[in-house]
Amino acid sequence: MTLAGIPSSPISSLSLGPLTIHFYALCILAGIAVALWWGTKRWEKRGGSADDLFDIAFAAVIAGIVGARLWHVLSSPEPYFGPGGDPLSVLRIWEGGLAIWGAVAGGALAMWIMAQRKGVSFVAVADTFAPTLMVAQALGRVGNWFNQELYGGPTDLPWAWDVTCVTGGQSIGGCVPGSYHPTFLYEMLWNLVGVVLLLALEKRFSLGGGRVFWSYAAIYSTGRAWIDAMRTEPVFMLGELRIHTVVALATLVVSVLMIILLTHRRSARGGEVRAADGSFALPQPGTSSDDEGHGNESERQDS
């Protein structure tokens with residue numbers, strides 16, 4: 001018996017006439033809205049155009065959602081294409097199932113294409129949005145609570161999640177009622193702690209030139225590796241490891257190597273380029289995407 005516990009949401013959607021509002025979708029949209037608002041503030045402080053950033057971010061959001069769904073379906077195909085699966089449910093993203101690795105890959109590709117078209121630095125955009133992604137991910141994890149998904153093994157810890165497997169009076173298929181590790185909550189908290197750490201590192205070490213983004217990837221992947229290893233939903237396995245765990249570990253290694261490489265390159269070039277007021281300037285037209293000046297706004301502007 002648990003001493004306390006996290007209750008399950010009795011509903012996951014709200015019907016208003018013919019319209020059904022899914023709380024999972026609202027959480028995802030809330031995360032996107034916060035990331036876009038904060039990212040725009042960071043970009044404008046660096047002297048960038050909000051209009052250009054909106055166009056880039058809009059394309060990245062659409063591609064990110066598509067990529068997130070594709071990665072989820074490919075890594076967890078049984079509910080869709082296995083025995084008794086429903087292939088059409090691939091389209092019902094409001095039921096849950098958006099993988100962050102696919103979101104980052106799809107969003108980054110669209111962001112790179114749009115940045116080239118707008119004539120702005122992809123690296124600078126990536127550094128600008130990196131901290132905002134962690135807040136967006138944290139908000140998105142609240143949607144998992146509404147859907148009663150992404151939990152670990154059984155536990156009797158005081159913060160165990162009491163999963164009822166019933167929402168809106170309907171049973172959730174493939175769900176077994178019980179008290180489980182709330183891995184959705186672990187990841188949400190990790191993201192919130194991570195964004196504070198990332199901002200502190202950005203300020204302390206004057207990160208730029210892609211190092212903010214790769215620091216985000218390293219911080220997130222560190223937590224995701226051990227949290228994902230606790231999760232129990234069926235996914236594609238690589239030996240004894242879940243595919244998401246393997247990707248997290250690989251991303252962590254690549255991220256650390258990239259931070260070392262970019263830091264060495266910065267040292268060799270003599271450090272950051274700053275504007276007259278001491279803030280980190282955006283790259284000037286004609287500079288390459290890895291030139292100096294890709295750091296974020298001045299330290300006093302981060303909060």
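Every number in this text was worked out from the coordinates using simple rules, so none of it is lab data. Since the structure is predicted, the reported quantities are computational estimates derived from the model, not experimental observations. Cβ sites come from the backbone with ideal geometry, for glycine too, and all protein chains shown count toward neighbours.
Two numbers describe the Cα atoms of the stretch 121-172: Rg and Dmax, which are 16.8, 50 Å.
Is the shape of the stretch 174-277 rounded, prolate or oblate, going by the alpha carbon gyration tensor and its root eigenvalues a ≥ b ≥ c, with a/c under 1.5 for rounded and a/b larger than b/c for prolate? Judged from the Cα gyration tensor, the stretch 174-277 comes out oblate (a/c at least 1.5, b/c at or above a/b).
Considering only DSSP beta bridges whose two residues both sit in the chain, what percent are antiparallel, to the nearest 5? Walk me through the intermediate numbers first.
Working: 14 of 15 bridges.
Antiparallel bridges: around 95 percent, rounded to the nearest 5.
State the percent of C-alpha pairs, over all pairs in the stretch 77-149, separated by a distance greater than 20 angstrom. Please list the in-between numbers first.
On the way: 1274 of 2628 pairs.
Summing the P(r) of the stretch 77-149 above 20 Å gives 48 percent of all pairs.
Given their separation in residues at 0.36 nm each and the Cα-Cα distance between them, ILE21 and ALA250 gain 78.7 nm when the chain is fully extended. Put simply, the C-alpha atoms of the chain give a gyration tensor, and the ellipsoid matching it has half-axes of 37, 20, 18 Å, longest first.
Once the Cβ-Cβ distance of ILE260 and LEU238 is raised to the sixth power relative to R0 = 30 Å, the FRET efficiency obtained is 0.70.
For the chain, the Cys residues with no second cysteine's beta carbon closer than 4.7 Å are CYS27. Across the options ILE93, GLY168, PHE122, the greatest Cα extent toward the positive end of the charge dipole of the chain (unit charges at beta carbon of Lys, Arg, Asp, Glu) belongs to PHE122. Residues TRP159, TRP101, arranged from fewest to most other Cβ atoms within 10 angstrom of their Cβ, appear as TRP159, TRP101. You can think of it this way: the chain between ARG117 and VAL193 has 23.9 nm of extra reach, that is 0.36 nm per residue less the Cα-Cα gap. Across all Cα pairs in the stretch 53-177, the calculated P(r) in 10 Å bins from zero up to the longest distance comes to 11, 34, 30, 17, 7, 0 percent per bin.
Which length gain, in nm to one decimal place, applies between GLN170 and GLU78 when the Cα-Cα distance is subtracted from 0.36 nm times their residue separation?
Working: separation 92, 0.36 × 92 = 33.12 nm, distance 2.14 nm.
Extra length from GLN170 to GLU78 when fully extended: 31.0 nm.
Dividing the helix sum by the residues of the chain, where each DSSP H run of 4 or more adds -39500 (n - 2.57), gives a mean residue ellipticity at 222 nm of -19000 deg cm²/dmol.
Every Cα-Cα pair in the stretch 46-92 was counted, and those over 14 Å apart are 62% of them. Can you tell me which of ARG266, ARG46, ARG224 moves the most in a GNM of the chain? Springs connect C-alpha atoms under 10 Å apart. In the Gaussian network model the winner is ARG266.
Label positions at ALA200 and SER89, each projected 7 Å from the Cα along the C-beta direction, are separated by 4.2 nm.
When each pair of different Cα atoms in the stretch 1-112 is counted once in the 1/r mean, what is the Kirkwood radius in angstroms, to one decimal? Walk me through the numbers before you get to the answer.
Working: mean 1/r = 0.0610 Å⁻¹.
Its Kirkwood hydrodynamic radius stands at 16.4 Å.
Could you size up the charge dipole of the chain around its Cα centre, putting +1 on the beta carbon of Lys and Arg and -1 on that of Asp and Glu, and report it in debye to the nearest 20?
Values: 20 positive and 24 negative charges, 105 e Å.
Dipole magnitude for the chain comes out near 500 debye.
Computed about its Cα centre, the charge dipole of the stretch 1-92 is approximately 240 debye, with only Lys, Arg, Asp and Glu carrying charge at their Cβ.
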